[in-house]
Amino acid sequence: MRIYTRGGDKGKTGIHGGLRVDKDDIRIEANGCLDELNSMIGVVRAYLSDEHEWQQLLFLIQSEMMVVMSHVATPSDIREKNPNKLSDNLVTLCEGQIDNLTNKMGQNSHFILPGGNLVSAHLQLARTIARRAERRLWTLNKTDEVSPVILQFVNRLSDLFFVMARFEMNQQGDVEERWKDFLYKKKRD
C-alpha cells in the first residue's frame, strides 16, 4: 500500500464517516494542532532516558491523543459509531500529575521566560501548541460540538506541560529566568 493516495491534491481530505472536507476546514486545523502536539510530546520523550519516570505518562498521553484526534475527526452526529473510546479519567490524570509536581516544588509567583534546558524548552513549546489546539477546538465547538472531556483534557495538558517544564528545571538545578511577579497575587497580600 502506498503512503500517497493523491486524494488530497485538490484541497480535500477525508474524515471519519467517509465525508470529504476542505483541508483548511476547522476540524482539520484542530486535528493538525493536536497532531503537532502529539509529535512534540514524542520529541520530549526522545530527550528522556527510557527509564525516566515520565516515559509511561507521556506514552499514555500520546496514546490518548490518538483517540482524541479520532473523535475530533468524527462529526458529532455519528460520533457514537467511533470505535475508539475516550477515557473517563483524562482530566483527573493531568490534575493529579500537576498537583503532585507542584507539591514537590512549590507554587509559582512569577511569569517565566520559556526555555531553560532542552527538555524544559520543549515542554514549554508543547504547552503553547496545546493552547493553540485548545483555541482551534473551541472554534470547532461553535459549529459542531466537541466533547467537554476533550476540551478540558487539552486545557489541562497545557497546564501539565508548564508544571513539568518548571519541575525539570528544578530537578536539574537550573534557574528559571523570571520576567515579572504576578501582580494579582501581590494585590491579595
Q.
I'd like to verify a number: residues in region 116-154 that are under 16 Å from L90 (Cα atoms) and free of Cβ contacts under 8 Å to residues at least 12 places away in the same chain, how many?
A. 1
(Q) Among the residues in region 9-19, are any crowded, with 17+ Cβ neighbours inside 10 Å, over 13 Å from the mean Cα position of the chain (by Cα) and over 18 Å from A73 (Cα atoms)? (A) no
Q. Among (1) of a type outside the set (F, W, Y); (2) in a helix (DSSP H, G or I); (3) in contact with a helix residue (DSSP H, G or I) (Cβ under 8 Å, 6 or more places away or on another chain); (4) at pLDDT below 95, which single condition is N103 missing?
A. (3)
Q | Single unsatisfied condition, I150 versus (1) crowded, with 22+ Cβ neighbours inside 10 Å; (2) within 20 Å of R45 (Cα to Cα) | A | (2)
Q) So which pairs qualify, if the first residue must be in region 73-96 and closer than 18 Å to A30 by Cβ, the second must be of a type in the set (A, V, I, L, M, F, W, C) and in a loop (DSSP other than H, G, I, E, B), the Cβ gap must be under 6 Å, and the two must be at least 6 apart or on different chains? A) A73/I15
**Q.** Subset of region 132-189 that is of a type in the set (K, R) and modelled with pLDDT of 95 or more - its residue that is nearest to Q62 (Cα to Cα)
**A.** R156
Q: Name the single residue, out of those in region 20-46 being of a type in the set (V, I, T) and modelled with pLDDT of 85 or more, that is surrounded by the most Cβ atoms within 10 Å (Cβ to Cβ).
A: V44
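The values are calculated or read from the model by the stated rules, or taken from the named source; none is laboratory data. Please read these numbers as outputs of a predicted model, since none were measured by experiment. Using ideal geometry, Cβ is built from the backbone for each residue, glycine included, and neighbour counts are taken over all protein chains shown.
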